[in-house]
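A.B. asks: Before I ask anything, here is the structure I am working with.
The values are calculated or read from the model by the stated rules, or taken from the named source; none is laboratory data. Values in this document were obtained by computation on a predicted structure and should not be read as measured data. Cβ: placed from backbone, ideal geometry, glycine included. Neighbour counts: every protein chain shown. The accessibility values were calculated without ligands, DNA or RNA, using every heavy atom of the protein model including side chains. Shrake-Rupley method; radii C 1.70, N 1.55, O 1.52, S 1.80 Å.
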Amino acid sequence: MYLNQPEQEMEFMPIVPLGEEEFDENEKGNLPTELPIIALRNTVLFPNVVLPITVARDKSVKAITEAQKSGKWIGVVAQKDSNEDDPMPEDIYRTGTLARIVKQIKMPDGNTTVFIMGRMRIHIENYTQVDPYYTANIRYLEDNFPAQDAEFDALISSIKDYSERIAQQSSNMPNETSIVLRNIEQQSFLMHFVASNLNAKLQDKQALLEENDIRMRAEQLLKMLQSELQLVELKNEITNKTRADIDKQQREYFLQQQMKSIREELGGDPNEREIRDLQKRAEGITWPESAKELFQKNIEKLERMHPSTPDYSVIYNHLDLMLDLPWSNYTQDSYDLKNAQKILDNDHYGMDKIKDRILEYLAVLKLKGDMKSPILCFVGPPGIGKTSLGRSIANAINRKYVRLSLGGLHDESELRGHRKTYIGAMPGRIIQSLRKVKSANPVFILDEVDKIGKDFRGDPSSALLEILDPEQNNSFYDNYLELEFDLSKVLFIATANSLGDIQPALRDRLEIIQLTGYSTEEKIEIAKRHLIPKQKELHGLDKIPLRITDKVINKIIQEYTRESGVRELDRVLASIMRNVAKHVAMENEVSPTVTNEQVEQVLGKPRFTNDIYTKGHPAGVTVGLAWTQVGGDILFIEAGLSRGNGQLTLTGNLGNVMKESASTALSYLKGHAEEFGIAPEKFEQHNVHIHVPEGAVPKDGPSAGVTMLTSLASAFTGRKVKPYLAMTGEITLRGQVLPVGGIKEKVLAAKRAGIKDVILCQQNEKDIEEINKDYIKGLRFHYVTDMGEVLEFALARK
């Protein structure tokens, strides 16, 4: 092993064995007791081992010269600190080796190379001279050989085995080392040879040299060999793994070069072709300056990237999105207002408010040429055609149509997009929809805006604030796109069943258009114009002469459906069509007109009847009108008295407002008991129980106030409420009747239920005037201002 250290004074060359000669007793007696001493750096000389050294220090040169004159014997010891250029006696180990100078060679560079051979271990007793070189009195050390036994032989055999394994696995050992090891027979020389060639610390080798007991020396050497073997094996493992990685990289590089050559033969690099395609697509796009700069910047990044890097696909997908977006693609609006009116009328029956609002928008657009699109919100019960109306509006004004369902949406990133750094990031649903429809001014339906989720995952309704604000949406920012996009030309139409569930700030940005439920007459027209032709076509009956009269449709509506919209009516008509289709397929005789008997045969006995609302009821039972998210409805309010102490009990799953209405009604009745012919002590002697049936359905709101007061007055006076009568209105402690909402839905529900008289607040008269007179034919309205008028009309005479 070469330890090439030019800055040091000695350079060690490969250690080679010489022989296994031993001194006899006469020779030992002739050995000198005072010797010149030289100190070696970084190595320990063992007996019977030859070591070539390069001598450079003055003291060492003089010591070698003196030794050559006097028998060629010299003492060789290791210095403790290899960095010490001029070691003092305390810097040198006391135990060393007696060496004989075998050969001395003068080198061309002026240095001297000396071959020395270790012979016996020595111990320095004291130094006799320091200058010009060290001399010292020495004592010779003897080795204590153990008695021959199998354990020691096994120890020596293990040393030899470990040494051979190290020699075979170490790249620093010459190939002949294993052969030399097998041919060494003397045990002490084997240990010295192995220790000399072992890559161990100087302190460990010195400890071996100082050990007199051969067995102990062998055990120490074996431990050093075990550590060395582990180190060599670990190095080899790392080397092999590194070599395998390098080989794999070289192989991949070679294959990549081959692929590159093949691609060039086929017409160029696909990466370059993709970039050229992107640049070509960008030529025909008119986009904002910021978008143009970002596109060019990302193209330059793409040119510097290898297609196999993860960021390549991220940037490519982002550029692809930029190219697909309709930056300046606008469809030409149709300004033919009469044609738009015709399309809207053909697609939907009624809904005059919405149709007028769309025509007004088109009129302004026609006159001005450009305007910010309104943000409309259709609010009404389900099944009345809010969503399908959006498609009709798009057809009427010749725009593209896109719909986004917001029901159950929890994450605002669904609207604003995710940042590109996330794995699987995507643009928001707004940008995705515009990309799909390829128009920057579509009719955009935001369906079920009142059913957006709000929890720890986010609040998408807050993200809608920017989208639905005409002052802000001209610069809508999508996190994935990382650019502002103009949404001001988009005609946003939101739909909802209830305004109460929409965030106030969002509701403030919407132009609310209330849609009410359909009357029976409207449902008949819708069935004749739309539902029956659609179901005939769906069931393959469009070529079969089949007619359903208005009376039969009315029977279906009154007795088999109870809804504001027409979804259930559509399903019932589908059941009838399926039955007709079965008879046609079985080649049975089919009547060209659907009869009432056929309806009952297909649909069964009527599900709903109006008898319960029209027949007489005992005292304390009143019919009220309620508004729900699915339209108007009828409800009963029952009041009962029992002996007690005036306690009030409320049941029927009532909300706080409704409970307060009951308390208000009872307080008013107590305060005016004598006016209505009620003995005041009766309130103290009876408990009052108010119940609203259908207890599983939550109920709330102030509009049942007049109904509750009428039920209580009926129960206390014993006078029944007139039949065919329903009422709605809020009351105060002074007995005033206040107006309530949802009048059209409530009145239509009363008409469906066969009610003839309806009591309303005087201020609700204007709501009745907005309803088509044909839809409320047969209903009599009684407008009141206080509860005295209500009870005067509602309670029958005894």
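A.B. asks: Any chance you could count how many residues in the stretch 105-130 are open to solvent by 50 Å² or more (accessible area, probe 1.4 Å) and either part of a strand (DSSP E or B) or at pLDDT 85 or above (or both)?
C.D. replies: We begin by selecting, within the stretch 105-130, every residue open to solvent by 50 Å² or more (accessible area, probe 1.4 Å); these are 105-109, 111, 115, 125-126, 128-130.
Narrowing the set further to residues that are either part of a strand (DSSP E or B) or at pLDDT 85 or above (or both) leaves 105-106, 115, 125-126, 128-130.
Number satisfying all stated conditions: 8.
A.B. asks: Within the stretch 397-412, can one find any residue that is under 32 Å from the mean Cα position of the chain (by Cα) and either free of Cβ contacts under 8 Å to residues at least 40 places away in the same chain or assigned to a helix (DSSP H, G or I) (or both)?
C.D. replies: no
A.B. asks: Out of all the residues in the stretch 303-326, is one or more in a loop (DSSP other than H, G, I, E, B) and at positive phi?
C.D. replies: Initial filter on the stretch 303-326 (in a loop (DSSP other than H, G, I, E, B)): 305-309, 325-326.
From what is left, the residues that are at positive phi are none.
No: the stretch 303-326 contains no residue that is in a loop (DSSP other than H, G, I, E, B) and at positive phi.
A.B. asks: Within the stretch 332-344, is even one residue surrounded by 12 or more Cβ atoms within 10 Å (Cβ to Cβ) and either over 30 Å from LEU359 (Cα atoms) or in contact with a Phe, Trp or Tyr (Cβ under 9 Å, 6 or more places away or on another chain) (or both)?
C.D. replies: No, the stretch 332-344 contains no residue that is surrounded by 12 or more Cβ atoms within 10 Å (Cβ to Cβ) and either over 30 Å from LEU359 (Cα atoms) or in contact with a Phe, Trp or Tyr (Cβ under 9 Å, 6 or more places away or on another chain) (or both).
A.B. asks: Turning to a different aspect of this structure: Would you mind stating whether GLY407 is at positive phi, out of contact with any His (no Cβ under 6 Å at 6 or more places or on another chain) and open to solvent by 10 Å² or more (accessible area, probe 1.4 Å)? Lay out the reasoning, then the answer.
C.D. replies: On the way: at positive phi: no; out of contact with any His (no Cβ under 6 Å at 6 or more places or on another chain): yes; open to solvent by 10 Å² or more (accessible area, probe 1.4 Å): yes.
So GLY407 does not fit the description; no.
A.B. asks: Test VAL194 against the criterion of being farther than 30 Å from ARG119 by Cβ, of a type in the set (Val, Ile, Thr) and in contact with a helix residue (DSSP H, G or I) (Cβ under 7 Å, 6 or more places away or on another chain), and give yes or no.
C.D. replies: On the way: farther than 30 Å from ARG119 by Cβ: no; of a type in the set (Val, Ile, Thr): yes; in contact with a helix residue (DSSP H, G or I) (Cβ under 7 Å, 6 or more places away or on another chain): yes.
Judged against the criteria, VAL194 is not a match.
A.B. asks: Quick check on the stretch 256-265. Is at least one of its residues farther than 21 Å from SER313 by Cα, modelled with pLDDT under 80, more than 33 Å from the chain's Cα centre (by Cα) and of a type in the set (Asp, Glu)? Please lay out each step first, then the result.
C.D. replies: Here is the first cut: in the stretch 256-265, the residues farther than 21 Å from SER313 by Cα are 257-258, 261-262, 264-265.
With the extra rule that they be modelled with pLDDT under 80, the set shrinks to 257-258, 261-262, 264-265.
The next check asks that each one be more than 33 Å from the chain's Cα centre (by Cα); those that pass are 257-258, 261-262, 264-265.
When the remaining residues are screened for being of a type in the set (Asp, Glu), the result is 264-265.
Taking every residue of the stretch 256-265 in turn, at least one turns out to be farther than 21 Å from SER313 by Cα, modelled with pLDDT under 80, more than 33 Å from the chain's Cα centre (by Cα) and of a type in the set (Asp, Glu).
A.B. asks: Are any of the residues in the stretch 517-528 modelled with pLDDT of 90 or more and open to solvent by 60 Å² or more (accessible area, probe 1.4 Å)?
C.D. replies: yes
A.B. asks: Within the stretch 44-68, can you find the residues that are in a loop (DSSP other than H, G, I, E, B) and either among the small types (Gly, Ala, Ser) or open to solvent by 70 Å² or more (accessible area, probe 1.4 Å) (or both)?
C.D. replies: Applying the first criterion (in a loop (DSSP other than H, G, I, E, B)) to the stretch 44-68 yields 44-48, 56-57.
Scanning the stretch 44-68 gives a single hit, ALA56.
A.B. asks: With the checklist (1) within 43 Å of the chain's Cα centre (by Cα); (2) open to solvent by 50 Å² or more (accessible area, probe 1.4 Å) in hand, flag the one item ASP352 doesn't pass.
C.D. replies: In the conditions (1) within 43 Å of the chain's Cα centre (by Cα); (2) open to solvent by 50 Å² or more (accessible area, probe 1.4 Å), ASP352 misses (1) alone.
A.B. asks: Would you pick out the residues in the stretch 702-742 that are part of a loop (DSSP other than H, G, I, E, B), open to solvent by less than 20 Å² (accessible area, probe 1.4 Å) and closer than 27 Å to GLY500 by Cβ? Walk me through how you get there before you give the answer.
C.D. replies: Here is the first cut: in the stretch 702-742, the ones part of a loop (DSSP other than H, G, I, E, B) are 702-704, 718-720, 722-724, 728-729, 732-735, 739-742.
Among the residues that remain, those that are also open to solvent by less than 20 Å² (accessible area, probe 1.4 Å) are: 704, 728-729, 735.
Once the filter is applied, which keeps residues that are part of a loop (DSSP other than H, G, I, E, B), open to solvent by less than 20 Å² (accessible area, probe 1.4 Å) and closer than 27 Å to GLY500 by Cβ, the stretch 702-742 yields ALA704, THR728, GLY729.
This table checks each residue for (1) in contact with a Lys or Arg (Cβ under 9 Å, 6 or more places away or on another chain); (2) part of a loop (DSSP other than H, G, I, E, B); (3) polar (S, T, N, Q).
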{"position": "GLU597", "(1), (2), (3)": "no, no, no"}
{"position": "GLN601", "(1), (2), (3)": "no, no, yes"}
{"position": "ARG607", "(1), (2), (3)": "yes, yes, no"}
{"position": "HIS617", "(1), (2), (3)": "yes, yes, no"}
{"position": "THR622", "(1), (2), (3)": "no, no, yes"}
{"position": "LEU625", "(1), (2), (3)": "yes, no, no"}
{"position": "LYS659", "(1), (2), (3)": "no, no, no"}
{"position": "THR664", "(1), (2), (3)": "no, no, yes"}
{"position": "TYR668", "(1), (2), (3)": "yes, no, no"}
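A.B. asks: In the stretch 624-675, what residues are polar (S, T, N, Q), open to solvent by 60 Å² or more (accessible area, probe 1.4 Å) and under 24 Å from LEU748 (Cα atoms)?
C.D. replies: Correct list: GLN629 only.
A.B. asks: What is the one condition in (1) open to solvent by 20 Å² or more (accessible area, probe 1.4 Å); (2) among the polar types (S, T, N, Q); (3) closer than 19 Å to VAL379 by Cβ that SER475 does not satisfy?
C.D. replies: For SER475, the failing item is (3).
A.B. asks: Turning to a different aspect of this structure: Which residue is most open to solvent (accessible area, probe 1.4 Å), if the candidates are limited to the stretch 79-98 and must be part of a loop (DSSP other than H, G, I, E, B) and out of contact with any helix residue (DSSP H, G or I) (no Cβ under 7 Å at 6 or more places or on another chain)? Break it down stepwise before answering.
C.D. replies: Residues of the stretch 79-98 that are part of a loop (DSSP other than H, G, I, E, B), as a first pass: 80-88, 93-94.
In the following step, the residues that additionally are out of contact with any helix residue (DSSP H, G or I) (no Cβ under 7 Å at 6 or more places or on another chain) were identified as 82-83, 85-88, 94.
Values: SER82: 32, ASN83: 125, ASP85: 86, ASP86: 83, PRO87: 6, MET88: 79, ARG94: 101 Å².
If we take residues in the stretch 79-98 being part of a loop (DSSP other than H, G, I, E, B) and out of contact with any helix residue (DSSP H, G or I) (no Cβ under 7 Å at 6 or more places or on another chain), then ASN83 is most open to solvent (accessible area, probe 1.4 Å).
A.B. asks: Considering only residues that are open to solvent by less than 40 Å² (accessible area, probe 1.4 Å), on the phi > 0 side of the Ramachandran plot and out of contact with any helix residue (DSSP H, G or I) (no Cβ under 7 Å at 6 or more places or on another chain), which ones fall in the stretch 358-404?
C.D. replies: Answer for the stretch 358-404, where residues must be open to solvent by less than 40 Å² (accessible area, probe 1.4 Å), on the phi > 0 side of the Ramachandran plot and out of contact with any helix residue (DSSP H, G or I) (no Cβ under 7 Å at 6 or more places or on another chain): just GLY385.
A.B. asks: Okay, next question. Going through the stretch 234-265 one residue at a time, which ones are under 30 Å from LYS205 (Cβ atoms) and either open to solvent by less than 70 Å² (accessible area, probe 1.4 Å) or not in a helix (DSSP H, G or I) (or both)? Spell out the reasoning first.
C.D. replies: Taking the stretch 234-265 and keeping what is under 30 Å from LYS205 (Cβ atoms), we get 234-240.
Within the stretch 234-265, ASN236, THR239 meet the criteria.
A.B. asks: Out of (1) touching a strand residue (DSSP E or B) at 6+ places or on another chain (Cβ under 9 Å); (2) in contact (Cβ under 8 Å) with a residue 40 or more places away in the chain; (3) open to solvent by less than 50 Å² (accessible area, probe 1.4 Å); (4) in a loop (DSSP other than H, G, I, E, B), the odd one out for GLY71 is which?
C.D. replies: (2)
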